[in-house]
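A short worksheet on the structure shown next.
The values are calculated or read from the model by the stated rules, or taken from the named source; none is laboratory data. Computed from a predicted model, the values in this text were never measured in an experiment. No Cβ is skipped: glycine too gets one built from the backbone with ideal geometry, and neighbour counts run over all protein chains shown. SASA here: full protein model, heavy atoms, side chains in, ligands and nucleic acids out. Shrake-Rupley method; radii C 1.70, N 1.55, O 1.52, S 1.80 Å.
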Amino acid sequence: MARRRSITFIVGGTVVLAAIAVLPFRVRSQSPAAAIHFSHRPIAFTLNNGETETRYVPETMAGGVAVFDYNNDGRPDIFFTNGAEMPSLKKTSSKYWNRLFRNNADGTFTDVTEAAGLAGSGYDMGVAVGDFNNDGHEDLFVGGVHHSALYRNNGNGTFTDVTAQAGLDKPDAEFGPLWSVGGVWLDVNNDGNLDLFVTNYLGWNPDKEPTCLVNGKRDYCHPRYYKSTPDRLYRGDGKGGFTDVSGSSGIRAYPGKGMGAAIADFDGDGWMDIFVTNDKLANFLFQNLGSGKFREIALKAGVAYTADGSNVSGMGSDFRDIDNDGYPDIVFVALPNETFPLYRNTGKGFFDPNASRPMDQLTRTMGGYSPELYDFDNDGWKDLFVSRGHVQANATSREVIDQPNSVFRNLGNLAFAALTAEAGFETQPPRRHRGSAIGDLDGDGRPDVVVTALSGPAEIWMNDSPAKNHWLELKLVGTTSNRDGIGAAIKLTSKHLVQYNHVTTAAGYASSSAGPVHFGLGVDEQADVIEIRWPSGVAQRLTAVKCDRVLEVQEPGPPAKAQRP
């Protein structure tokens with residue numbers, strides 16, 4: 001297996017990133033349908049969601065997954081969350097364990113869960129990857145039903161549960177134990193320490209599960225049968241301690257039924273903003289005011305509802321620049337007849353929901369859970385992968401429950417080609433897919449996909465698209481900024497392309513993709529200029545960077561110091 005060289009550049013500079021509209025030259029393949037293709041590879045994990053005839057609602061929402069390098073060997077590893085026995089919410093046997101698989105660099109993975117100490121104890125839903133103590137080792141937040149956990153990576157292949165000492169084990173004073181679908185790591189105040197935004201779903205009590213019938217059989221109930229709950233924001237001190245600032249930040253004032261969260265600096269002011277999808281409620285867009293305060297502006301910004309003003313079953317989301325104009329756009333997914341909404345950032349403080357029309361036509365009959373914006377064919381335009389499946393149980397509905405995954409190839413000008421069988425996804429049976437995460441598992445420069453499915457085997461989809469295009473991945477290492485560089489904005493200019501992206505590990509539904517920032521360069525053999533704006537405000541400029549490799553870039557300034565609670 002070919003591996004990539006990682007070279008470090010440390011270059012200072014005063015270039016300030018500017019968001020400018022461009023119309024880059026597009027290099028098209030002869031066959032758009034064949035330009036993106038995946039081949040299935042099995043992995044020995046089955047998502048056990050504890051499904052019962054009672055249809056406890058958490059059973060249909062499980063399945064977060066993370067792709068991250070837990071042992072710093074340069075090869076992405078895989079972590080799966082898993083369910084528990086219902087309604088006790090206990091992992092009563094090893095079939096419910098969360099699982100960590102080490103990448104062996106030969107196309108196989110080894111289960112190292114027990115040695116790592118990551119089996120878990122409750123009904124787990126989602127995972128967020130971030131180096132919260134800036135020691136150079138990726139840590140895990142695992143969100144679950146009435147119980148969440150923070151695992152510190154000890155740097156020796158093991159993890160320690162530090163939930164209590166971090167202050168993350170306290171129930172909500174008003175709502176009691178909350179049901180977390182997952183979390184997002186970000187630096188709210190740009191102080192160099194990661195903070196944690198936790199997405200919370202329904203107010204749920206197993207002893208009061210309502211009865212809902214479909215075709216005379218019990219099925220999972222509509223979200224309207226459950227109370228809304230607030231999301232939470234924890235400020236990190238960089239040493240392993242966290243303070244709940246949900247109230248003072250303004251986040252707590254907006255209870256919802258959160259299913260997905262994604263971050264980007266949508267208005268270019270240097271502060272990371274948070275988009276939250278809600279299930280059958282208006283979405284939230286929390287604008288970061290830069291003083292530890294957030295303002296909810298989804299309605300004003302045009303992202304609270306779909307273009308026709310509907311509430312939909314918002315699942316996972318992504319928040320990246322789709323059209324290469326310098327402004328991060330929003331996409332999220334929902335159920336059949338609700339479409340997969342796409343909001344184009346106008347750069348004027350609001351989004352255009354009408355940009356979603358082409359996608360609406362392609363996705364009307366689809367149900368989706370986890371969307372990911374990545375350039376799978378390395379042509380310089382971010383494509384959209386979606387894990388697909390219905391929320392309802394099998395054999396109880398006229399809806400198509402089990403569905404194949406799909407990828408939507410970005411054709412430019414907000415046009416997409418929907419690829420399912422053409423991309424290889426129908427080589428596996430359709431399933432109720434849930435979480436997904438992205439990473440280059442084999443080091444060939446083409447992003448691969450890991451997907452979970454309820455009561456079914458996980459799927460690894462190896463990207464074997466035609467390898468004629470060039471690529472570059474940037475692994476940022478913060479010194480004054482947080483070690484992961486989360487929140488750093490990147491502009492890449494090559495001969496035919498101008499592209500934008502930013503560092504985030506938040507991905508899709510309940511999942512986390514923690515690899516380097518990926519750029520496809522098409523026919524261009526180098527990046528002429530790379531401009532980075534770090535969360536600290538430091539600007540950095542690299543020139544004449546050769547492609548087809550991973551480039552490690554350290555923030556100018558003093559070296560990062562390891563901190564351990």
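7 Å from Cα along Cα→Cβ at both THR346 and TYR225: what's the point-to-point distance in nm?
The modelled label-to-label distance comes out at 4.1 nm.
How do 176-186, 215-225, 82-92 rank on mean C-beta neighbours within 10 Å, highest first?
Order by mean packing, descending: 176-186, 82-92, 215-225.
If you work out Kirkwood radius over Cα pairs in Å from the coordinates, which of [x] 23.0; [y] 27.3; [z] 29.0 do you get?
Here Kirkwood radius over Cα pairs in Å agrees with entry [x].
So what's the net charge close to VAL67: Lys and Arg +1, Asp and Glu -1, counting the other residues with Cβ under 10 Å from its Cβ?
Within the 10 Å Cβ shell, the charges total -4.
Sum up the charges of everything whose Cβ sits under 11 Å from the Cβ of THR163, counting Lys and Arg as +1 and Asp and Glu as -1, but leave THR163 out.
Here the charged neighbours net out to 0.
With labels modelled as points extended 7 Å from the Cα through the Cβ direction, what inter-label distance (nm, one decimal) is found for ASN337 paired with LYS208?
3.0
Could you order peptides 196-207, 431-442, 501-512 by the average number of other Cβ atoms within 10 Å of their residues, highest first?
Taking the mean over residues of other Cβ atoms within 10 Å, the ranking is 501-512, 431-442, 196-207.
When the accessible area of the stretch 49-113 is split by element with a 1.4 Å probe, what percent falls to carbon and sulfur?
Its accessible area is 44 percent carbon and sulfur atoms.
What nm value, rounded to one decimal, do you get for the distance between ASP269 and VAL529 when each label is placed 7 Å out toward the C-beta?
A separation of 2.7 nm, rounded to one decimal place.
Shape of the stretch 58-162 from its Cα gyration tensor (a ≥ b ≥ c, root eigenvalues): rounded if a/c is under 1.5, otherwise prolate when a/b > b/c, or oblate?
prolate
Compute the accessible area per residue over the chain, keeping the other protein chains in place, probe 1.4 Å, unit Å².
Each residue of the chain exposes 34 Å² on average to a 1.4 Å probe.
Quickly rank 536-548, 63-75 as a protection proxy: mean count of other C-beta atoms within 10 Å, highest first.
Top of the packing list down: 63-75, 536-548.
Are there cysteines in the chain with no other Cys C-beta under 4.7 Å, and if so, which?
So far as the 4.7 Å Cβ criterion goes, CYS547 stand without a partner in the chain.
When the chain is fully extended, how far beyond the present Cα-Cα distance does ARG295 get from GLU85, taking 0.36 nm per residue of separation?
Here the segment from ARG295 to GLU85 would lengthen by 71.7 nm.
Can you give the helix-only mean residue ellipticity at 222 nm for the chain, where every DSSP H stretch with n ≥ 4 adds -39500 (n - 2.57) and the sum goes over all residues, rounded to the nearest 500 deg cm²/dmol?
-500 deg cm²/dmol
Carbon and sulfur atoms: what percent of the 1.4 Å accessible area of the stretch 296-448 do they account for?
48
Using r as the Cβ-Cβ distance of ASP308 and SER39, and R0 as 45 Å, what FRET efficiency do you calculate, to the nearest 0.05?
With a Förster radius of 45 Å, E is 0.70.
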